[in-house]
Amino acid sequence: MQILDKSFEVFITGDEIQKEVKSLGETISEDYADKEVVFVAVLNGAFMFAADLMKTITCDSAISFVKMSSYHGTQSKGSVDELIGLNIDLKDKHVIIIEDIVDTGITIDKIVSFIESHGVASMRICTLLFKPSSFQGKNYPEYVGFSIPDAFVVGYGLDYDEKGRNLDAIYQIRN
Ligand code: 5GP
């Protein structure tokens, strides 16, 4: 399959993804059976994973969609990261962050410090994909769909230059 200038091949089929998402949802629902959980899904990449995962959740839950954004301050040089879109009060809540992929861990570490600053009761990370060989972060994901090698993937929410997010399978770049 060709996306823009790059060639990709199927890596994880749509059926395999759906099976794993259902299993993750069942595990989370059991772990939080007697609690209320607030899911914080990170846009854009996690939109499809979050939608499918939420359909399998049976415990008391709410969801908010956030985005990491960097803006150029008027006073300081360089850009400052912020987390935008949070519309639920996280104080004393049990939070699960939903990510599409954790690679180096830099992004998730930033998101975690934003979430923790809200005085949450607990916080865990759920990611569909994890690249352990490139991970250098502080916050390991507790719920992982697939651990994958360090190669570029697209599909099921993940993009190559904004293309490929609609694909129901995950494709790996062909070298
Ligand atoms: P980090 O390196 O901070 O863990 O990941 C940063 C971001 O890079 C991820 O949230 C994701 O948007 C993007 N990313 C990392 N690896 C891949 C990949 O294989 N494919 C795509 N499409 N995006 C990736």
| said: Looking at THR107, THR127, can you tell me which residue is among the hydroxyl-bearing types (Ser, Thr, Tyr), on the phi < 0 side of the Ramachandran plot and crowded, with 20+ Cβ neighbours inside 10 Å? | reply: THR127
| field | Subset of region 113-136 (residues that are within 10 Å of the ligand (Cβ to nearest atom) and within 15 Å of the chain's Cα centre (by Cα)) | value | THR127, LEU129, PHE130, LYS131, PHE135
| request: Could you check, for region 125-140, whether at least one of its residues is assigned to a loop (DSSP other than H, G, I, E, B), more than 18 Å from ILE17 (Cα to Cα), modelled with pLDDT under 95 and not hydroxyl-bearing (Ser, Thr, Tyr)? | output: no
| field | Residues (more than 7 Å from the ligand (Cβ to nearest atom) and farther than 15 Å from VAL21 by Cα) located in region 156-165 | value | ASP161, GLU162, LYS163, GLY164, ARG165
| request: Could you tell me whether any residue of region 104-120 is in a loop (DSSP other than H, G, I, E, B) and in contact (Cβ under 8 Å) with a residue 60 or more places away in the chain? | output: no
| task | Identify the residue in region 154-174 that is touching an Asp or Glu at 6+ places or on another chain (Cβ under 6 Å), at pLDDT 95 or above and outside any strand (DSSP E or B) and, among all such residues, is nearest to SER7 (Cα to Cα). | result | ARG165
| task | Go through region 55-73 residue by residue and tally those that are surrounded by fewer than 16 Cβ atoms within 10 Å (Cβ to Cβ) and under 11 Å from VAL21 (Cα atoms). | result | 1
| field | Set TYR140, TYR156: member being within 20 Å of LEU53 (Cα to Cα), within 16 Å of the chain's Cα centre (by Cα) and surrounded by fewer than 19 Cβ atoms within 10 Å (Cβ to Cβ) | value | TYR140
| query | Counting just the residues of region 141-153 that are among the aliphatic types (A, V, I, L, M) and either in contact with a His (Cβ under 7 Å, 6 or more places away or on another chain) or at pLDDT 95 or above (or both), which one comes out nearest to ASP92 (Cα to Cα)? | reply | VAL144
| field | strands (runs of 3 or more DSSP E) wholly inside region 10-87 that include at least 1 residues being small (Gly, Ala, Ser), free of Cβ contacts under 8 Å to residues at least 40 places away in the same chain and within 16 Å of the ligand (Cβ to nearest atom) | value | 60-72, 79-84
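The values are calculated or read from the model by the stated rules, or taken from the named source; none is laboratory data. Model, not experiment: these values are computed from the prediction. Note that we place each Cβ from the backbone using ideal geometry, even for glycine, and neighbour counts take in every protein chain shown.
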